[in-house]
1. Name the one entry in E379, E416, E431 that is open to solvent by 100 Å² or more (accessible area, probe 1.4 Å) and either touching a residue at least 12 places away in the same chain (Cβ under 8 Å) or in a loop (DSSP other than H, G, I, E, B) (or both).
2. How many residues are open to solvent by less than 70 Å² (accessible area, probe 1.4 Å), in contact with a strand residue (DSSP E or B) (Cβ under 8 Å, 6 or more places away or on another chain) and under 22 Å from A529 (Cα atoms) when one looks only at segment 566-587?
3. If you scan segment 385-394, which residues turn out to be open to solvent by 90 Å² or more (accessible area, probe 1.4 Å) and part of a strand (DSSP E or B)?
4. S397 fails exactly one of the following numbered conditions: (1) in contact with a Ser or Thr (Cβ under 7 Å, 6 or more places away or on another chain); (2) outside any helix (DSSP H, G or I). What is the number of that condition?
5. Looking at segment 296-317, which of its residues are in contact (Cβ under 8 Å) with a residue 60 or more places away in the chain and among the aliphatic types (A, V, I, L, M)?
6. Tally up the residues in segment 205-224 that are over 20 Å from S262 (Cα atoms) and open to solvent by 40 Å² or more (accessible area, probe 1.4 Å), please.
7. Just for segment 318-329: of the residues that are under 25 Å from E416 (Cα atoms) and either open to solvent by 20 Å² or more (accessible area, probe 1.4 Å) or without any contact (Cβ under 8 Å) to a residue 40 or more places away in the chain (or both), which one is farthest from the chain's Cα centre (by Cα)?
8. If you scan segment 543-580, which residues turn out to be of a type in the set (S, T, N, Q) and either closer than 21 Å to I625 by Cα or under 60 Å from the mean Cα position of the chain (by Cα) (or both)?
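The values are calculated or read from the model by the stated rules, or taken from the named source; none is laboratory data. All values reported here derive from a predicted model rather than from experimental measurement. Counting neighbours? That spans all protein chains shown, and the Cβs are built from the backbone with ideal geometry, glycine included. Note: areas computed on protein heavy atoms with side chains; ligands, DNA, RNA excluded. Shrake-Rupley method; radii C 1.70, N 1.55, O 1.52, S 1.80 Å.
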Amino acid sequence: MRLHSDINVRTTILRGLFLTGGIFIPLAGLIANILSPEFYDPIILRLIIGIPALAVVFLSFRYQPVKTNFDRIFWLFVLAIIPWICFLLYSNSLQPVYSLLLFVAFMAISLGFDDTHHLRIYIAGTTLLVVATVLAVESPVMPKNIMLALYFPTIFITYFVISYFIRIGKQLQVSNNDFRALLDSTEESIFFINRDLTINKFNVKGADGASHLIGRSPKEGDNMLAYIFDEEKKHFIASFNKALKGETTIVEKHLFNEKKYSRWYEIKHIPVKSEGGEVQGVLFTGLEITKRKTALQSLEKSEMRFRNVFQESPIGMALISSEGKILSVNESFCRTTGFEESELSGTQFSDISPAEEAKTTLEEFQKILDFEIDQYRRETRYRHKDGNEINVLEQVSGISEDREIKFCIAQVVEIEQIKKTEDLLRDKNLELEKTNRELDKFVYSAAHDLRAPLTSVLGLIELAKMKPGEEELYKYLGLIEKSVVKLDDFIQEVIDYSRNSRLSIMAEKIDFEELIARIFDNHNYLSGASDITKKININENGGFFSDKGRVEIILNNIISNAIKYHVPNRKDSFISINIENKPHSSQLEISDNGQGIGEANLDKIFNIFYRGNESSTGSGLGLYIVKETVEKLNGVIDVKSELGVGTTFLINLPNSKDGAEN
């Protein structure tokens, strides 16, 4: 920044006059004595005038009292010149010549006028006085015509010179006033500081700021350090010295005083240079930025919250500039497209789409910029990094400020993922609906099947009380046993169903021979079990691994049904079991030549609580549990049956050998 070291024009002019007088007056007398030895003009008198004039010029730069009282000192200097001029006039009888010199001196004094109108009056009066003096007094040195010939051009030139200075002075004064008004209207506290840290000038805001923080108003000539907090003086001096070297410094400071007056300021130290580039002082400014700082801190917190939501969102998100360039993307967006953030940042958002889709993207984006729509939502396609295209659901919204779109936010979800989620939800709902239906049937059937054996037992007990004969008693006890066995079977089926639903699969090696033998032994109590031929063929082939408890449930229910529903009195009744173990699965075939199942009922036998006919003694849970258990083991079950001929169950179960070994 460039600024005159002293804006006061009057002070500058007076300095020039003193400097001219201090040099010219002794030098002119010396030249006059050399050219005219008869001229009486002691050099000592000129030195008495010249030396003080030079001293005043020097002191005006160093001492404020001299600068402040410059006008008074000037008039004292003029009063000192007038007796000297009078002495020369009477000593040398050169009144006309020295009248001219006296006029020139008073013309110099006229520089103090601030109006050309007053200057004209002053010159007119002085001209009449000089002309009258020249015409009235004879000079032994200079004729009158020469005297007047010198006088009038001098008057003409002097008038225009002084008028020019007055005009320039007014312009500088107006500029000075405008500059002062500008300083006072600004929101910054401004101080012009001299190289010695004294205050040259300051504005109203600077005075108010010092008054609030320090408790007193500054004055010109005070040391600036008196208005700086002790803990800040070291930093202030360091920045001040940098400014004296031509370097501008800008810092933000949090300042507060003992009265808890707390403010944030932006503080600058700017070098003040002359026209020649010399640093003459420092411009010290302080702008209160408390509101801006508070708003900035709030903005930073909001940005942090937005950034956290943006980055942690499970939905793909992209921040897009008003020019359509990607500024930032979150991890979900990268996972969806396969690109890294560094690969997407700075690229056009429309470039992520194929050419035919990019055109639509640009059109919709322009509508947001033109405030035709707030947002758009559509299904589109993106280019994946692997070269394939993916279907996505895209929603883009504009964020505006002062009726201008600053940026847009795109939210992207892969449609395949949405469909997978919807399919999963649909499957879960279907499974839940199925479970609810089965639960309703189970509650109804369980209540009936649990109460029926108990009711039979209670009835038989009453009959036993009425007919205490031993034969009748054994008969009733047999019936009671049958009802209790039936109840026990139903409870066991419920337990099997519960275990299959809750327990995880525990794979172990299955010994089919031992397992099947135990199942047949457990069913020896059933009517006709001993009359049925068992045909068992097992091909181990390295062994089979699966959940032993669930495999037992499957075989137990199928074998139990084969025994219960065999054809009584048939001599060739049989149950055939063929098992073929393979590396990855086991094929089970269980056949019988029992009552069989009619074609109309064959597709219903795996339904919960389904009974093939009224004579069925089971609960209707057995085969339902078999199917659920096979599916739990990721197996497949099929059935073939013909009424009056027999039934064959075909089961394929995966071999879990690897899982068991792990």
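1. Working: E416 fails: open to solvent by 100 Å² or more (accessible area, probe 1.4 Å); E431 fails: either touching a residue at least 12 places away in the same chain (Cβ under 8 Å) or in a loop (DSSP other than H, G, I, E, B) (or both).
None of the other options fit; the residue is E379.
2. 8
3. Looking only at segment 385-394, we keep the residues that are open to solvent by 90 Å² or more (accessible area, probe 1.4 Å), and these are 385-386, 388-389.
E389 - this is the single residue of segment 385-394 that is open to solvent by 90 Å² or more (accessible area, probe 1.4 Å) and part of a strand (DSSP E or B).
4. Of the numbered conditions (1) in contact with a Ser or Thr (Cβ under 7 Å, 6 or more places away or on another chain); (2) outside any helix (DSSP H, G or I), the odd one out for S397 is (1).
5. I315, M317
6. Summing the residues that are over 20 Å from S262 (Cα atoms) and open to solvent by 40 Å² or more (accessible area, probe 1.4 Å) in segment 205-224 gives 5.
7. Taking segment 318-329 and keeping what is under 25 Å from E416 (Cα atoms), we get 318-320, 326, 328-329.
Add one more test, that the residue is either open to solvent by 20 Å² or more (accessible area, probe 1.4 Å) or without any contact (Cβ under 8 Å) to a residue 40 or more places away in the chain (or both), and what stays is 319, 326, 328-329.
Numbers: L319: 11, I326: 15, S328: 11, V329: 12 Å.
Step by step, filter segment 318-329, then rank; the result is I326.
8. Restricting attention to segment 543-580, the residues satisfying the condition of being of a type in the set (S, T, N, Q) are 546, 556-557, 560-561, 569, 573, 576, 578.
Within segment 543-580, S546, N556, N557, S560, N561 meet the criteria.
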